[in-house]
Amino acid sequence: MTGSPPSLHVRDVSKTFGPIRVLSELELTIEPGEVVALIGENGSGKSTFIKVLSGFHEPDKGAVVHMGGVDITDVLAKGPQTTGMGFIHQDLALVESMTIVENLRIGHFATGAFGRILWKREVAAVRAILARVGLDVDPRMRVQQLSVTDRALVAIARGLAEIELAQGSEARLLVLDEPTAYLPTSGVERLFRAVAQLAAEGVSILFVSHRLDEVLTHCDRVLVLRGGVLVADEATAGRSERDLVTLMLGRAPEDLYPDYDVQPAGSALRVTGLTGGLVQGVDISARAGEIVGFVGLPGSGYEHIPYLLAGTQEATGGTVTVAQGPELDARRLDPRSAISAGIALLPADRKEASGAQSLSVSDNITVATLGSVVNRGVISARAEREVVASQIDRFRISVPSPQSALATLSGGNQQKALLAKWVISRPTVLTLHEPTQGVDVGAKREVFRHLTDLARGGTLLLISSVEYEDLAALCTRVHVMRHGRIIRTIERDDLSAHELAVAVHG
């Protein structure tokens with residue numbers, strides 16, 4: 001691509017809302033075929049910048065946006081066919097009841113006599129686009145039939161199809177906004193293979209992510225926003241996650257993990273022969289105040305533990321005893337009985353499984369404990385307001401109003417709100433799956449602080465995660481799983497990210 005103008009060049013891009021300047025005179029360039037990361041804490045301006053590029057927000061006067069040397073500032077709001085930029089967001093925005101070909105070609109169908117759609121031609125065209133992102137499926141399949149990874153690849157293919165229609169410039173840019181947040185490890189690898197293939201064809205990629213390991217592994221350069229200002233534009237080669245965290249925070253991340261002096265009390269959980277899904281006869285014993293981790297490769301079963309214990313995934317065998325309560329048949333556990341026994345669950349998927357995105361922050365915080373604010377069969381609005389205000393203050397949830405929809409909050413603030421929901425009920429056991437997924441480093445630190453506070457208060461935490469450093473820093477011990485069974489347990493004194501990686505992959 002030597003000699004070609006930059007795919008994207010922006011200059012003096014600012015955005016002001018009332019008296020607040022959210023973006024300040026950004027200037028950056030992305031070359032053809034480059035994979036460039038955009039990172040920063042929540043509130044750093046990442047989302048606002050993406051919305052400016054997509055035409056959702058109009059930039060302040062004086063901004064200049066070029067694609068392939070062509071000034072597109074005045075046509076940003078007209079979309080991919082005019083700008084050559086396509087946007088793939090975390091929610092993918094696919095119509096699941098429609099076929100792949102309908103999702104990719106709606107509005108652009110080739111037609112013949114009497115306006116009839118030339119389906120054979122359309123299917124062939126879509127098949128060719130899918131091949132470019134490494135996806136070999138029938139374009140006539142409905143999106144709802146696809147795995148979550150295949151849906152992400154379809155979304156990328158749709159973005160590619162849209163920008164291929166652009167006129168006036170050969171430059172092409174795909175903006176991937178947290179596309180890996182809900183993908184399994186194998187899915188992330190497939191997605192980045194597709195990204196590498198598109199980059200080899202000359203398509204530029206702007207990758208927005210909180211996953212710094214993905215940034216370092218798959219991106220050529222990293223752009224760092226802090227307080228709406230571009231504070232770094234550097235090659236990723238030779239950089240570490242610690243380097244990136246320092247750039248994002250403006251200081252070294254020594255205090256990312258809170259100190260936690262483990263002082264476990266009496267028995268909080270005893271599990272024997274837990275079986276279900278990929279899990280095969282797992283025994284667990286843990287005390288109040290401990291933080292116990294589960295880790296493994298995809299398909300090893302570690303990711304099923306929280307859901308089996310919380311009754312959201314059906315068990316086929318085993319018993320569960322919480323504290324000094326009765327022995328429960330794991331096969332009979334459902335969410336209601338698990339909560340009654342003192343087991344709560346914070347799933348990895350905030351959008352689909354953990355929070356009600358369209359409901360208010362207030363409703364999300366109190367939904368699991370409405371009984372505590374009911375007086376004579378009627379919800380006490382005053383009591384509910386007091387509980388919610390207390391939790392918002394305790395968890396430092398940044399929200400315009402308790403009545404704001406959960407979906408309007410950043411990932412970190414959503415996770416803090418959902419964690420606050422379970423803290424009210426004071427569970428004996430809190431099971432968590434990837435508790436910091438899609439959360440920036442600043443919010444991560446707060447989530448870790450709240451988790452250790454819970455453990456100090458006597459709650460047993462069970463964390464299933466592939467974040468080796470997090471597990472090594474927080475846990476009393478970590479169970480390594482393979483083929484549905486615990487193959488090794490690493491105690492706190494021997495825990496390190498390296499030791500976990502060796503145990504998982506060895």
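The values are calculated or read from the model by the stated rules, or taken from the named source; none is laboratory data. What you see is a predicted model, and the numbers here were worked out from it, not measured in a lab. Reconstructed Cβ throughout: ideal geometry from the backbone, glycine too, with neighbour counts over all protein chains shown. Remember, those area values only see protein heavy atoms, side chains included, never the ligands or the DNA or RNA. Shrake-Rupley method; radii C 1.70, N 1.55, O 1.52, S 1.80 Å.
Among the numbered conditions (1) at pLDDT 90 or above; (2) outside any loop (DSSP other than H, G, I, E, B); (3) not aromatic (F, W, Y), the only one that R239 does not meet is (2). Of the residues making up the stretch 106-124, those that are closer than 20 Å to M141 by Cβ and either surrounded by 14 or more Cβ atoms within 10 Å (Cβ to Cβ) or modelled with pLDDT of 80 or more (or both) are I106, F109, I117, L118, W119, K120, R121, E122, V123, A124. Checked against the criterion of being touching an Asp or Glu at 6+ places or on another chain (Cβ under 8 Å), part of a strand (DSSP E or B) and either among the polar types (S, T, N, Q) or modelled with pLDDT of 90 or more (or both), the stretch 209-218 has no qualifying residue. Within this structure, A181 fails the test of being over 29 Å from G296 (Cβ atoms), out of contact with any strand residue (DSSP E or B) (no Cβ under 9 Å at 6 or more places or on another chain) and of a type in the set (G, A, S).
Just wondering, is there one or more residues in the stretch 468-485 that are open to solvent by 10 Å² or more (accessible area, probe 1.4 Å) and over 26 Å from A268 (Cα atoms)? Yes, some residue in the stretch 468-485 is open to solvent by 10 Å² or more (accessible area, probe 1.4 Å) and over 26 Å from A268 (Cα atoms). Does the stretch 299-310 contain any residue that is touching a strand residue (DSSP E or B) at 6+ places or on another chain (Cβ under 8 Å), surrounded by fewer than 22 Cβ atoms within 10 Å (Cβ to Cβ), at negative phi and part of a loop (DSSP other than H, G, I, E, B)? For the stretch 299-310, residues touching a strand residue (DSSP E or B) at 6+ places or on another chain (Cβ under 8 Å), surrounded by fewer than 22 Cβ atoms within 10 Å (Cβ to Cβ), at negative phi and part of a loop (DSSP other than H, G, I, E, B): present.
Can you tell me which residue is nearest to I163 (Cα to Cα) among those in the stretch 65-83 that are part of a strand (DSSP E or B) and in contact (Cβ under 8 Å) with a residue 24 or more places away in the chain? Quick ask: steps written out before the conclusion?
Of the residues in the stretch 65-83, the ones part of a strand (DSSP E or B) are 65-67, 70-71.
Still in the list and also in contact (Cβ under 8 Å) with a residue 24 or more places away in the chain: 65-67, 70.
Numbers: V65: 16, H66: 15, M67: 12, V70: 15 Å.
That would be M67.
Quick one: in the stretch 406-438, of everything that is over 15 Å from T452 (Cβ atoms) and without any contact (Cβ under 8 Å) to a residue 40 or more places away in the chain, which residue is least open to solvent (accessible area, probe 1.4 Å)? Checking each candidate, the answer is T408. Checking each residue in the stretch 203-240 for being aliphatic (A, V, I, L, M), open to solvent by 10 Å² or more (accessible area, probe 1.4 Å) and farther than 21 Å from V52 by Cα picks out L212, L216, A235, A237. Give the stretch 270-315 a look and list any residue that's touching a residue at least 60 places away in the same chain (Cβ under 8 Å), of a type in the set (A, V, I, L, M, F, W, C), closer than 24 Å to R332 by Cβ and touching a Gly at 6+ places or on another chain (Cβ under 9 Å), or say none. If the condition is that a residue be touching a residue at least 60 places away in the same chain (Cβ under 8 Å), of a type in the set (A, V, I, L, M, F, W, C), closer than 24 Å to R332 by Cβ and touching a Gly at 6+ places or on another chain (Cβ under 9 Å), then L278, V279, V282, F294 are the ones that fit. Quick check: anything in the stretch 279-289 in a loop (DSSP other than H, G, I, E, B) and not small (G, A, S)? The answer is no, given that none of the residues of the stretch 279-289 is in a loop (DSSP other than H, G, I, E, B) and not small (G, A, S). Taken over the stretch 222-231, the criterion of being more than 22 Å from the chain's Cα centre (by Cα) and either of a type in the set (D, E) or within 20 Å of L176 (Cβ to Cβ) (or both) is satisfied by L230 alone. Within the set G457, G442, the sole residue that is open to solvent by less than 40 Å² (accessible area, probe 1.4 Å), of a type outside the set (S, T, N, Q) and out of contact with any strand residue (DSSP E or B) (no Cβ under 6 Å at 6 or more places or on another chain) turns out to be G442.
Of the helices (runs of 4 or more DSSP H) lying entirely inside the stretch 437-506, not one is found with 2 or more residues being modelled with pLDDT of 95 or more.
Taking the stretch 261-287 on its own, how many of its residues are open to solvent by 20 Å² or more (accessible area, probe 1.4 Å) and not hydroxyl-bearing (S, T, Y)?
First, the residues of the stretch 261-287 that are open to solvent by 20 Å² or more (accessible area, probe 1.4 Å): 261-267, 270, 272-273, 275, 277-278, 280-281, 283, 285, 287.
Checking the rest, the ones that are also not hydroxyl-bearing (S, T, Y) come to 261-266, 270, 273, 277-278, 280-281, 283, 287.
Count: 14.
Entry remark, the stretch 249-291: residues being within 19 Å of R488 (Cα to Cα) and acidic (D, E) number 2 in total. Restricting the first member to the stretch 133-148 and to residues that are part of a loop (DSSP other than H, G, I, E, B), and the second to residues that are open to solvent by 60 Å² or more (accessible area, probe 1.4 Å), the beta-carbon pairs closer than 6 Å and six or more apart or on different chains are G134/R193; P139/R127.
Per the conditions (1) under 30 Å from E327 (Cα atoms); (2) open to solvent by less than 40 Å² (accessible area, probe 1.4 Å); (3) in contact with a Phe, Trp or Tyr (Cβ under 9 Å, 6 or more places away or on another chain), the sole criterion not satisfied by L256 is (1). In summary, P258 fulfils each of the numbered conditions (1) modelled with pLDDT of 90 or more; (2) in a loop (DSSP other than H, G, I, E, B) with the single exception of condition (1).
Can you confirm whether the stretch 174-184 contains a residue that is under 19 Å from Q90 (Cβ atoms), hydrophobic (A, V, I, L, M, F, W, C) and in a loop (DSSP other than H, G, I, E, B)?
Going through the stretch 174-184, the residues under 19 Å from Q90 (Cβ atoms) turn out to be 174-184.
The next check asks that each one be hydrophobic (A, V, I, L, M, F, W, C); those that pass are 174-176, 181, 183.
Imposing the further condition that a residue be in a loop (DSSP other than H, G, I, E, B) reduces the set to 181, 183.
Scanning the stretch 174-184 turns up at least one residue that is under 19 Å from Q90 (Cβ atoms), hydrophobic (A, V, I, L, M, F, W, C) and in a loop (DSSP other than H, G, I, E, B).
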